[in-house]
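Taking it in order: structure first as structure tokens, then the write-up.
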Amino acid sequence: MKNYLFYLLLAASVSLSGCGNSSDTTSVDAAGRHNEDLLESTGKDERAGWFVAEATSGGLFETEMGRLASSKAADPRVKQLGQKMLDHHLQQNTQLKQIADLKNLMVPTSLGDDHQEQYNKVMAQAGQAFDKAYLEALIKEHKEAIEQFEEMSQDGKDTELKTFAAKGLPLLQAHLAQAEQLQQDLGF
């Protein structure tokens, strides 16, 4: 009887391990295409769907980079900035996900290819080289995000996303200014 129960539990655990597999990820392209199709089929602006997918990927990138910098940076100011990015972008990502969920829009659950490549490049660095690479990536990403958020806040047709982008812009601009100032202070 004990052997039977053991094998029954073993079989159940094996069958359950296939469920909820953490490798089930949604790419930026898959989320963007899904959102575009959904919005197009309802006569709504499909650009909003791509904004959700791309802004989420950027937010995921910032949180992962912030997590990395908060533990790996050589300069304590870079560590502090990394922690700030992690905290702020987690909050922003949560807000965007809530809006997306209300609209049945899909968000990516993994970094886009460009973001993953940049993350790997920065992660491979150490010491001051890491700090420099992190700040360069942070500045580049925030410039791109600011463009996306400005476009959505000015030209977007979805009220909630337009408001989200308008409210997010000052934070992104402040992050960019902080990163540029720190880059200058460190002489990079």
- Task: Could you tell me which residue of segment 159-188 is farthest from Asn93 (Cα to Cα), considering only residues that are open to solvent by less than 80 Å² (accessible area, probe 1.4 Å), of a type outside the set (A, V, I, L, M) and free of Cβ contacts under 8 Å to residues at least 24 places away in the same chain?
- Result: Gly187
- What is the residue count in segment 134-158 for residues that are open to solvent by 90 Å² or more (accessible area, probe 1.4 Å) and within 15 Å of Ser57 (Cβ to Cβ)? 2
- Task: Could you tell me whether Leu86 is open to solvent by 50 Å² or more (accessible area, probe 1.4 Å), within 29 Å of Lys162 (Cα to Cα) and of a type outside the set (Val, Ile, Thr)?
- Result: no
- Where Leu111 falls short, out of the listed (1) among the hydrophobic types (A, V, I, L, M, F, W, C); (2) modelled with pLDDT of 95 or more; (3) surrounded by 15 or more Cβ atoms within 10 Å (Cβ to Cβ); (4) within 28 Å of Asp75 (Cα to Cα): (2)
- Message: Let me spell it out: the conditions are (1) in a helix (DSSP H, G or I); (2) in contact with a Leu (Cβ under 6 Å, 6 or more places away or on another chain), and Glu147 meets all of them except one. Which number is the exception?
- Response: (2)
- Which numbered condition trips up Asn104, out of (1) touching a residue at least 12 places away in the same chain (Cβ under 8 Å); (2) open to solvent by 80 Å² or more (accessible area, probe 1.4 Å); (3) in contact with a Lys or Arg (Cβ under 9 Å, 6 or more places away or on another chain)? (3)
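The values are calculated or read from the model by the stated rules, or taken from the named source; none is laboratory data. The structure displayed is predicted, hence computed values, not measured ones. Neighbour counts are summed over all protein chains in view; Cβ atoms, including those assigned to glycine, are modelled from backbone coordinates with ideal geometry. Heavy atoms of the whole protein, side chains included, go into the accessibility calculation; ligands, DNA and RNA do not. Shrake-Rupley method; radii C 1.70, N 1.55, O 1.52, S 1.80 Å.
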